[in-house]
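Trainee: I'd like to ask some things about the structure below.
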Amino acid sequence: MPQNRKQFLQKSLAGLAGFGGLGMRSLTQSDPKKGRLRSNQTQKPVVVSTWIHGIKANEVAWKVLSEGGSALDAVEFGVKTAEADPENQSVGLGGFPDREGRVTLDACIMNHEQQCGSVAFLEHIVHPISVARKVMEDTPHVMLVGAGALQFAESQGFERQNLLTEASEKAWRKWLEDSKYAPVINVENHDTIGMLALDEEGNLSGACTTSGAAYKMHGRVGDSPIIGAGLYLDNEVGGAVATGLGEAVIRSAGASVAVELMRQGYSPQEACDEVIARIIRKEKNPESLQVGVIALSKDGSVGGSAIHPGFNYALQSNVHANGMIDAPHLFDQ
Ligand code: SD4
């Protein structure tokens, strides 16, 4: 093993020990002290979402939750704020286009009954999350892509709109000057929005929506619409959402691994740490890519973790005013 890799792994182990004595456990090892998940009903409702745009999204979701609404409505209405915001250049309207100048959107949604819906490579529609919900509720399918997703959206009354704002077009034209594609770590601290909510009934739902990596290849789909990668939940256990380089999240089945770890008794924080540690171990260039994961357990506990500094998430509950939490990072430069 090259020395720098070895040193990194040693540091990684040491770093992980700081997070509740996590160490390098794997799915096949069990920790008898962890046992079953504890139930702590006092926390609900809870909403948690990625990045600073999560604050505004949480406000909307919290209104739904605090009035006794469902987690499903909360996450859909919550993330729509980011989709509709033209200033947000990584989600919905105003998102950075692909290398051909086309804004293509990915989104998925999942509810407490293990139902899910997803759209990928969808153009011209401001609210892909609502189309994803329609796929879940009104079709026998889970995922629609591209022209088929657009056709379905229009059949449901969604209207076409130009999503490429002047600012995003200008940025794309600048990018075209040398057309270099290099995924950038922590693009100005705003990114895909992923949201998880636990409602008064104790039910979980999650949503994830993005315009994906800026200047991606035409046709590229990231982790955000893929159930099990960008989002996963099991109402008996908890949920998780991811942000960052989608390819790395897909390769690690990030969100579903986090949920399965919680099922084994890991706290949400420990589960996120383990997913991130695994990505760091497996990816060839963890120093140059960012992934952040957040998780919410059935008992209302929350965790989040990232490869590099800069990833944060917004949390609101009965005992936590809507505010940002800086996630720990596990890659030691
Ligand atoms: C993607 N995970 O398309 C999304 C985008 C993102 O930081 O979260 N970028 O890969």
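Trainee: For the range 162-173, check the following and say yes or no: at least one residue is part of a strand (DSSP E or B), among the small types (Gly, Ala, Ser) and either under 20 Å from residue 103 (Cβ atoms) or near the ligand (Cβ under 9 Å from one of its atoms) (or both). Even if it seems obvious, please write down each step before you answer.
Mentor: At the first step, the residues of the range 162-173 found to be part of a strand (DSSP E or B) are none.
No: the range 162-173 contains no residue that is part of a strand (DSSP E or B), among the small types (Gly, Ala, Ser) and either under 20 Å from residue 103 (Cβ atoms) or near the ligand (Cβ under 9 Å from one of its atoms) (or both).
Trainee: Conditions: (1) within 16 Å of the ligand (Cβ to nearest atom); (2) over 22 Å from residue 279 (Cβ atoms); (3) under 17 Å from the mean Cα position of the chain (by Cα). Residue 215 meets all but one. Number of the miss?
Mentor: (3)
Trainee: Moving to a separate point now. Can you tell me which residue within the range 253-282, out of those that are within 21 Å of residue 195 (Cβ to Cβ) and polar (S, T, N, Q), is surrounded by the fewest Cβ atoms within 10 Å (Cβ to Cβ)?
Mentor: In this case the residue turns out to be 256.
Trainee: For the range 200-246, give me the residue count where each residue is surrounded by 24 or more Cβ atoms within 10 Å (Cβ to Cβ) and of a type in the set (D, E, K, R).
Mentor: Residues meeting the conditions: 1.
Trainee: In the range 175-207, which residue that is in a helix (DSSP H, G or I) and at pLDDT 80 or above is nearest to the ligand (Cβ to nearest atom)?
Mentor: Residues of the range 175-207 that are in a helix (DSSP H, G or I), as a first pass: 175-176, 187-189.
Keeping just the survivors that are at pLDDT 80 or above gives 175-176.
Working: 175: 16, 176: 20 Å.
The qualifying residue nearest to the ligand (Cβ to nearest atom) is 175.
Trainee: How many residues are in contact with an Asp or Glu (Cβ under 7 Å, 6 or more places away or on another chain), touching a residue at least 40 places away in the same chain (Cβ under 8 Å) and under 14 Å from residue 295 (Cβ atoms) when one looks only at the range 236-262?
Mentor: 4
Trainee: Of the residues that sit in the range 260-290 and are at pLDDT below 95 and within 17 Å of the chain's Cα centre (by Cα), which one is farthest from residue 44 (Cα to Cα)?
Mentor: 289
Trainee: Inspect all residues belonging to the range 218-236 and state whether any of them is part of a strand (DSSP E or B) and within 12 Å of the ligand (Cβ to nearest atom). Write out each step before concluding.
Mentor: Of the range 218-236, the ones part of a strand (DSSP E or B) are 227, 231-234.
Among the residues that remain, those that are also within 12 Å of the ligand (Cβ to nearest atom) are: 231.
Within the range 218-236, one or more residues are part of a strand (DSSP E or B) and within 12 Å of the ligand (Cβ to nearest atom).
Trainee: Looking at the range 199-242, which of its residues are within 22 Å of residue 135 (Cβ to Cβ) and hydroxyl-bearing (Ser, Thr, Tyr)?
Mentor: Matches in the range 199-242: 205, 209, 210, 211, 224, 232.
Trainee: Specify the residue that is surrounded by the fewest Cβ atoms within 10 Å (Cβ to Cβ); the eligible residues are those in the range 29-80 that are modelled with pLDDT under 95 and hydrophobic (A, V, I, L, M, F, W, C).
Mentor: 52
The values are calculated or read from the model by the stated rules, or taken from the named source; none is laboratory data. On a predicted model such as this, the values are computed, not experimentally measured, just so you know. Note that we place each Cβ from the backbone using ideal geometry, even for glycine, and neighbour counts take in every protein chain shown.
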